[in-house]
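Read the figures in this text as sums done on the coordinates, not as results from a lab. On a predicted model such as this, the values are computed, not experimentally measured, just so you know. Positions of Cβ are backbone-derived with ideal geometry, glycine not excepted, and every protein chain shown enters the neighbour counts.
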Amino acid sequence: MLSNRSVPRATVIPTLAYRDVNQAAEWLSRAFGFTVRLRVGESHRIQMNVGDGAVIVRELRPGEENAHRGVGCSVMIRVEDADAHCQRARENGARIGQEPVTYPYGERQYHAEDFEGYRWDFTQTVADVHPDEWGGKEERL
């Protein structure tokens, strides 16, 4: 795949619409620890670094006022310490929908909602568990 310095290197790049992209970038940086990679225009679009991945926040387009928050959709982000991350998010205004819980598949996860209502799932790997141990079915290609 050809590389382009104008686009994040991540393979999957969620793009989320906000009423104010500058406010979104500032809030996501403060609450979740994201960093700004690139700004496009004064308030059009901001590319953000998230570990070795990326998220793009863009301006809300006309007619999208209530359609920008997908029901049943979330963005999952891997973190080093779910408990510390959750505390940081809470202290910076995130609404915690689920406190950190450790699951049988080896992940400790919590759910947060940002100031616009987007759901973010944060996951910390706490053990390497084979899918057979918790009822998963590993597919072989």
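Enter the angle in degrees (range 0 to 90, nearest 10) between the Cα long axis of helix 21-32 and the first principal axis of the Cα atoms of the chain, meaning the one along which they spread out most. Long axis of 21-32 versus the principal axis of the chain: about 30 degrees. Go ahead and collect, in residue order, the members of region 1-37 whose backbone nitrogen is under 13 Å from a label point 7 Å along the Cα-Cβ direction of CYS73. Answer for this model: 13-18. A simple spin-label model places the labels of SER29 and GLU91 1.8 nm from each other, with each point 7 Å out along Cα-to-Cβ.
Apply 1/(1 + (r/R0)^6) to the Cβ-Cβ distance of ARG5 and GLU80, taking R0 = 30 Å, and write down the FRET efficiency to the nearest 0.05. Rounded to the nearest 0.05, the efficiency is 0.65.
Mean separation of Cα pairs under 8 Å and 6 or more residues apart, divided by the residue count, gives the chain a relative contact order of 19 percent. Extension gain for ARG19-VAL40 works out to 6.0 nm (0.36 nm per residue, less the C-alpha to C-alpha distance). Listed options for Cα extents along the principal axes in Å are [x] 46, 30, 27; [y] 44, 30, 30; [z] 50, 40, 27. The value calculated from this structure is the one marked [z]. Output the antiparallel fraction of DSSP beta bridges having both residues in the chain, as a percent to the nearest 5. Close to 75 percent. Relative to the longest principal axis of the chain, what angle (0 to 90°, nearest 10) does the C-alpha long axis of helix 82-91 take? Rounded to the nearest ten degrees, it is 30.
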